[in-house]
Amino acid sequence: MKRYSAFAIAREAARYHEGWERAWTSPAPKKKYDVVIVGAGGHGLSTAYYLGKNFGITNVAIIEKGWLGGGNTGRNTTIIRSNYLQDPSAAIYEKARSLYETMSQDLNYNVMFSPRGVMMLAQTQAEIRGYERTAHANALQGVKTEFISPAKVKELVPIINIDGPRYPVLGALWQERAGTARHDAVAWGYARACSAMGMDIIQKCEVTGVRQEGGNVKGVSTTKGEIDCDKMAIVVAGNSGSLAEMGGFRLPMESVALQALVSEPIKPCMDVVVMANTVHGYMSQSDKGEMVIGGGTDGFNNYTQRGSFHHVEETVRALVETFPIVSRLKMLRQWGGIVDVTGDRSPIISKTPLGNTFINAGWGTGGFKSIPGSGWAMAELVAKGEPGPLAAEFGMDRFTEGRFIDESVAAGVAH
């Protein structure tokens, strides 16, 4: 793999950019791999990358039924933060946030990480108490956050209306080193690094069945033929239930649509990310000037990847009071993704009832921010067969044992 650099750009400019190689290869699948990862989104690709980097396992196939990064990785609003209440959540999200800070250098690919800061508005007395509690918990966890005053909120976000008649801004939980990154670049950077290690990324290859022998996985049946493997990792977000059914087990989760939209581009007016749980919406401004807006999940189970006008109206109506500027904007485009939601709103990184089969699912509305931490923890689980400290609390057995990691408040608004 040729390294990207300023010198490489100058060299290729001199020869009319005819020397660039493909970022990753598209090989035909081999008969057998040490590990087959189903799902070439951010979580699947990061799992493969850390399998190679941390454990030297490179005989790996990453199988994707569509195109690389075409699922939730390409359908989110790019927010990265780690200000969660529960210790296991804070640990894995902070690991992810710290890995994002050096990801461009690690992958030799600009993922456009922007630590612009994320604030979660407190617009009721209950939220003040909740966010102050979270700030104290974060201090004990080593996650740097603080509860700031309405005046500080206004200083950081001049366009905000802190004196709304229904929901005035009473303060905010502020994480200065949180921010955003370019979602497509994260997938492309991981894919390029995995391909350079000799891993096979196989697109347009749908898994149609899971083959097993003696209680262990033997391989997968796909639209491109039979592929044998010693271990399998299921990392398919909202389609996890379908893959689990092929493997002969069920998951304690449901799939729902999550929608977002962007406005027409405008001049820079907001350089932080603002989340408002009370009115159920959040907003940031992209590098192109679009206002990136999102809200909550649909209220019914579905596998839809498109938006709906009533949900757009509900989300925008909620934000107009807090950000009067958006009332004059036109919507540029909207989209939807299929998110996988567990009962306690925390993920599953776990062994499964099918031997040598592991699952990474249930990230719900927090998938993008967790990609590198998720991949790090999942790679350790797949390589060693047992979860490491990051994944230990996120096993499937917690639902039968009552060990819930309740993040229903932290995940109360889509982000």
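The values are calculated or read from the model by the stated rules, or taken from the named source; none is laboratory data. Keep in mind it's a predicted model, so treat the numbers as computed, not measured. Cβ sites come from the backbone with ideal geometry, for glycine too, and all protein chains shown count toward neighbours. Accessible surface areas use protein heavy atoms only, side chains included; no ligands, DNA or RNA. Shrake-Rupley method; radii C 1.70, N 1.55, O 1.52, S 1.80 Å.
Tabulated values for the structure
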item: Selected from Ile201, Gly117, Gly373, residue furthest toward positive end of dipole (the chain; charges at beta carbon); result: Ile201
item: Counting all C-alpha pairs of segment 187-344, share separated by more than 19 Å (%); result: 67
item: Overall form of segment 130-187 per C-alpha gyration tensor (a/c, 1.5; a/b vs b/c); result: oblate
item: Segment 27-98, relative contact order in percent, only Cα pairs under 8 angstrom and at least six apart counted; result: 28
item: Dipole magnitude of segment 49-111, debye to nearest 20 (Cβ charges: Lys/Arg +1, Asp/Glu -1, about Cα centre); result: 160
item: Dipole magnitude of the chain, debye to nearest 20 (Cβ charges: Lys/Arg +1, Asp/Glu -1, about Cα centre); result: 880
item: Of Gly289, Gly179, Gly373, the one that fluctuates the most in a GNM where the chain has Cα springs shorter than 10 Å; result: Gly289
item: Of Lys218/Lys384; Lys267/Lys330; Lys30/Lys218; Lys53/Lys144, pairs whose Cα-Cα distance is over 23 Å; result: Lys53/Lys144
item: GNM flexibility winner over the chain from Glu155, Glu254, Glu101 (Cα, springs under 10 Å); result: Glu155
item: Among Thr304, Leu45, Ala8 - extreme Cα towards positive end, dipole of the chain, charges at beta-carbon; result: Ala8
item: Proximal aspartates and glutamates to Lys32, defined as alpha-carbon separation beneath 17 angstrom and excluding residues fewer than eight positions away on the same chain; result: Glu64, Asp200, Glu206, Glu213, Glu226, Asp228, Asp230
item: Estimated dipole of segment 193-329 in Debye, rounded to 20 [Cβ of Lys and Arg +1, of Asp and Glu -1, Cα centre]; result: 100
item: Rg/Rg_globular for the chain, with Rg_globular taken as 2.2 N^0.38 Å and Rg from C-alpha atoms; result: 0.98
item: Exposure of Lys154 as accessible area (Å², to 10), given a probe of 1.4 Å and all protein chains; result: 80
item: Farthest toward positive dipole pole in segment 188-313 [+1 Lys/Arg, -1 Asp/Glu at C-beta], among Ala257, Val273, Ile227; result: Ile227
item: GNM top mover of Val320, Val186, Val279 - the chain, alpha-carbon springs below 10 Å; result: Val320
